[in-house]
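The values are calculated or read from the model by the stated rules, or taken from the named source; none is laboratory data. Fair warning: this is a prediction, and the values are worked out from it, not measured in the lab. All Cβ positions, glycine included, derive from the backbone under ideal geometry; neighbour counts span all protein chains shown. In case anyone asks, the SASA skips ligands and DNA or RNA and just uses the protein heavy atoms, side chains included. Shrake-Rupley method; radii C 1.70, N 1.55, O 1.52, S 1.80 Å.
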Amino acid sequence: MPCLVTVGGFFGDEGKGKIIAYLAKKDNPVIAVRGGVGPNAGHTFAFEGKEYKVRMLPSAALNPSTRLLIGAGVLVNPQVLLKEIEMFKADDRTYVDSQCGIIEQSHIDRDKNEDHLKGKIGTTGTGTGPANADRALRTLKLARDAPELSLFIEDVSNSVNFALENKERVLVEGTQGTYLSLYHGGYPFVTSKDVTASGICSDIGIGPKKVDDVLAVFKAYVTRVGGGPLTNELSEEEAKRRGWMEFGSVTGRQRRAAPFDFELAKKSIRVNSATQIAVTKLDVMFPSCAGIRQYEKIPTDAKKFIEEIEGELGVKVTLIGTGPDLDDIVDRR
Ligand code: IMP
Ligand code: MG
């Protein structure tokens, strides 16, 4: 994988954080670079018995030898970022593109108070939509003008392209999910940018021919937070009964849940030109899978589900999540 792009296949919260953290540890990329909207994302992973959540840094942060980059298209909340840099002691390996947009308190206030955003769309209230609106108006402050980030500024596009020219491993982290894309999701119940694989590459400043693999991450069931349609949505009781009740890592809101949606997944594969699939939380759907790390040991009913996904989508399921720990994974690459 000289250049692997990870992307959410559904509505975000597919478990990308854990998959990326695993890849960071296993494949030891020289660079992990984040695309996507900004601190509206929440990536969770457990490592050596401790749970971590990141909203700004790449989820590869746990690997101390990986350089952590944030692409120009990503909005930065300096307070959130500086806290995460401290948490991972990553001040000597974090770099922010000089052209990243800066979220200020006024953006957060607008996001939390405007009825359309908070009430109808159900945004995360992290200021990303208003900041991207200001960016389109060309009034948004950029990272190059934020003194608190001065130690971390560089040309991220240049660094990533240079690494790729030198055949170094680069892990590109997408956030949110395909159906939250401003262009390809169910407008208006979407986020404020395109978050498909092409959009993520554009955020970072790498061209389409630089990408070797696109890994689409799907959860074994679908969840969604905020407004907008969700086909075959389960009642709260049914979601609870199946153990599919989850809460948002940024907002704490209860996630709505539905069974795996093959139609959505098929389109997602096309839109992202996915070459690999990761299926997460197989153990939540099939508790007998918990902690299994070898494909042969996966029980028949769960195997059938994986085979159905491969058959319907025509792409190999290379990674299967079987538990919260980083190594609770079946790696079929
Ligand atoms: P915004 O991105 O905060 O403007 O929110 C727009 C919509 O996208 C809302 O439905 C949010 O719940 C959803 N959303 C944004 N980021 C994420 C994410 O990282 N995971 C899940 N949902 C998200
Ligand atoms: Mg999340």
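Pairs under 8 Å by beta carbon, first residue under 17 Å from residue 283 (Cα atoms) and within 8 Å of ligand 2 (Cβ to nearest atom) in the range 9-23, partner open to solvent by 20 Å² or more (accessible area, probe 1.4 Å) and assigned to a helix (DSSP H, G or I), six or more apart or different chains?
none
Keeping to the range 86-96, report how many residues are open to solvent by 10 Å² or more (accessible area, probe 1.4 Å) and at negative phi.
7
Only one of these is surrounded by 20 or more Cβ atoms within 10 Å (Cβ to Cβ) and modelled with pLDDT of 95 or more: 154, 165, 148, 173. Name it.
173
Cβ-Cβ below 6 Å, separation at least six or inter-chain, first residue in the range 120-132 and closer than 15 Å to residue 79 by Cα and assigned to a helix (DSSP H, G or I), second polar (S, T, N, Q) and within 8 Å of ligand 1 (Cβ to nearest atom): which pairs?
Filtered contacts from the range 120-132: 128/40; 128/192.
Residue under question is residue 104, and the condition is that it be within 23 Å of residue 11 (Cα to Cα), more than 14 Å from the chain's Cα centre (by Cα) and open to solvent by 10 Å² or more (accessible area, probe 1.4 Å); does it hold?
no
Evaluate the following for residue 199: is it within 16 Å of ligand 1 (Cβ to nearest atom), open to solvent by less than 40 Å² (accessible area, probe 1.4 Å) and assigned to a loop (DSSP other than H, G, I, E, B)?
no
Restricting to helices (runs of 4 or more DSSP H) lying wholly in the range 223-333: which have 2 or more residues that are surrounded by 13 or more Cβ atoms within 10 Å (Cβ to Cβ) and within 23 Å of the chain's Cα centre (by Cα)?
Hits in the range 223-333: 262-272, 282-285, 300-313.
Name the residues in the range 40-61 that are more than 11 Å from ligand 2 (Cβ to nearest atom) and either assigned to a loop (DSSP other than H, G, I, E, B) or surrounded by fewer than 24 Cβ atoms within 10 Å (Cβ to Cβ) (or both), would you?
Once the filter is applied, which keeps residues that are more than 11 Å from ligand 2 (Cβ to nearest atom) and either assigned to a loop (DSSP other than H, G, I, E, B) or surrounded by fewer than 24 Cβ atoms within 10 Å (Cβ to Cβ) (or both), the range 40-61 yields 46, 47, 48, 49, 50, 51, 52, 56, 57, 58.
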